[in-house]
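Remarks on the structure that follows.
The values are calculated or read from the model by the stated rules, or taken from the named source; none is laboratory data. None of these values were measured; they are calculated from a predicted model. Quick reminder, even Gly has a Cβ in these numbers, built from the backbone with ideal geometry, and neighbours come from all protein chains shown.
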Amino acid sequence: MGDVRVDGLQSPPVVSPEEMAGRFHGELMGTMPEWKRRMAADPSCLADVEHEVEMAFLRGAGLVVAGLIAGVMKRPGFEEACEQTRQKYCIPLSRGQNRPLRIRLLGGLLVWVTSLYCAPRRGRNCPEEKVPGLHVELAQFGFGKGCSPEVQSRVSRQAAWCSSFRFAQEELAREGLKLNVKTVERITYQCGLGFLALRTYELMQWRLGELPAGEELAGKCVTVQIDGGRTKIRGDLRPAEPEPPRTNADGLEVGDRPGRSKPRPRQTFDAQWREPKLVTIFVHDEHGRMKKGTPALIDGTFLGPDAMAELVAMHLHRLGAARAASVTFVADGAPWIWDRLATIVRLAGLEGVAIREVLDCCHAAHHISLALAALAVGEPARTALYLSHRTLLRNGQWRRVVEELTGLAEMDAENEEARTEIAYLTKHGEAGRLQYPTFRKLGLPIGSGAIESGIRRVINLRLKNNGMFWREEHAEEMLQVRAQVISRRWDERVKTMRRHLRCDGRTDWQWEPRTMIART
């Protein structure tokens, strides 16, 4: 059975929380006279004293938490719970041996915990895939790697909110968690990896028909909005190519001016824009707006449109959309979205639900503008035509809009750009996605503002800053962390992740998506 120590591996083990509370009381009483003296001499030092008091109490909280952990580990039923966890793990585990670990608690206090580590059992019946072992005692508490559960949560959330890991590290230091930037990155990426592992596990369970359907969307009017963003993904480092010498107009080589030369990097990398796909699922009210007090689900991936479509179907099943009153899909005109909706509906089991497809009204109106621009209609006639056609479109008269634009295009029979825009409106009109008066009457959303906001808040503000490049695996992990924070589902999702990792520590989350396109 393990133990907890707060003053190094050679210090005596912690006995109880009462012992730690008494120790904190002694430290507090020793510091109190100094605080009183400074406040009496200079009341303006209140800000500094207030910060010191907060840090002192954070240390005291860490001491009490260490005592609580030690007390739980000494309880008679704790060893039995650890044995049950070992037996229920995804692969057979050995009996294990005690290993000392350094753990950081929320107030910044470092404790040394001796925990039983059970490695994967080697033998004929063990799987060949690489699966990590388990610290069965720490797993009861939900510890991350080298940090308590709340440290992992606090660090990951701060890293998701701030525009960089450096800013997150500075804010955490002000709160008493003094970590270096690499540690902040590691904790955040490990949390994102846990979210991805949980999502893949749920997806595999859904494929097998073993993922239970929830009740969250039962009887509700549901909206599903899908779109894509932009992120710079960097490749591996490679030797930098030497720059050719600079020459003047006479062909003579020109050197750097004294004091103005810059060292040239020896290594560099290639970067390319990638489009992460994002989905938001929420309940809307009778006016087509997101219902207040109901958190949206936000998820995304860099794995491509088929993976995104399969995740949408899985989430709709998981949330119980098969018992919803209606499901409305709203998106722009991207073919990769509309070509996969039929498969999403079938796999999510929505055959008995009222399904409606809506083309975002602003995108449809924008294509009217593009058609008029391609036809070279001059001002002010172009503005007048655009406003007139936009009004007709909003009133459901898309056929009249198409007819008038087609009449204008007949004067320029070789204008392929204009005919492309007209074909765009015709295709979505015939698919029933431009019936805006009917949609408004039914209380359905006619705009994709929710997903546009999601793209901005989840992707642009954290993954698309100037000069920011991501490795693909880290971009996927940060996308998960940021999505859970923005969607206000953090606490629920973190608890589910910890329960999952207690039984299955595999973090290989990538999968081969099935073909989701409904037509060629």
*asked:* All but one of (1) surrounded by 21 or more Cβ atoms within 10 Å (Cβ to Cβ); (2) at pLDDT below 95 hold for Met290; state the number of the condition that does not hold.
replied: (1)
_Looking at the range 404-449 only, could you name the residues that are among the β-branched types (Val, Ile, Thr) and either part of a helix (DSSP H, G or I) or at pLDDT below 90 (or both)?_
Thr406, Thr420, Ile422, Thr426, Thr438
*Pairs with Cβ under 7 Å, 6+ apart, first in the range 187-203 and over 25 Å from Ala348 (Cα atoms), second of a type in the set (Val, Ile, Thr) and not in a helix (DSSP H, G or I)*: Leu193/Thr507
*What do you reckon, is Gly467 out of contact with any strand residue (DSSP E or B) (no Cβ under 8 Å at 6 or more places or on another chain), assigned by TED's automatic domain parsing to the domain that holds Pro335 and part of a loop (DSSP other than H, G, I, E, B)?*
yes
_Let me spell it out: the conditions are (1) without any contact (Cβ under 8 Å) to a residue 24 or more places away in the chain; (2) of a type in the set (Asp, Glu); (3) closer than 21 Å to Arg514 by Cβ, and Glu243 meets all of them except one. Which number is the exception?_
(3)
*Considering each of Asn460, Asn466 in turn, give the residue that is within 23 Å of the chain's Cα centre (by Cα) and touching a residue at least 40 places away in the same chain (Cβ under 8 Å).*
Asn460
_Check on Asp270, closer than 30 Å to Trp511 by Cβ, within 24 Å of the chain's Cα centre (by Cα) and charged (D, E, K, R)_ = no
*So how many residues does the range 1-49 have that are assigned to a helix (DSSP H, G or I) and exposed (fewer than 11 other Cβ atoms within 10 Å of the Cβ)?*
10
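Yes/no per residue for (1) in a loop (DSSP other than H, G, I, E, B); (2) farther than 15 Å from Gln225 by Cα; (3) of a type in the set (Val, Ile, Thr):
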| residue | (1), (2), (3) |
| --- | --- |
| Gly293 | yes, yes, no |
| Leu311 | no, no, no |
| His315 | no, no, no |
| Val327 | no, no, yes |
| Trp336 | no, no, no |
| Arg346 | no, yes, no |
| Glu351 | yes, yes, no |
| His363 | no, no, no |
| His366 | no, yes, no |
*Consider Leu196 carefully, then state whether it is surrounded by 15 or more Cβ atoms within 10 Å (Cβ to Cβ) and not in a helix (DSSP H, G or I).*
no
*State which residue is surrounded by the most Cβ atoms within 10 Å (Cβ to Cβ) when the search covers only the range 427-449 and only residues that are among the small types (Gly, Ala, Ser) and farther than 13 Å from Cys362 by Cβ.*
Gly429
*Within the range 212-230, is even one residue in contact with a strand residue (DSSP E or B) (Cβ under 7 Å, 6 or more places away or on another chain), surrounded by fewer than 19 Cβ atoms within 10 Å (Cβ to Cβ) and in contact (Cβ under 8 Å) with a residue 24 or more places away in the chain?*
yes
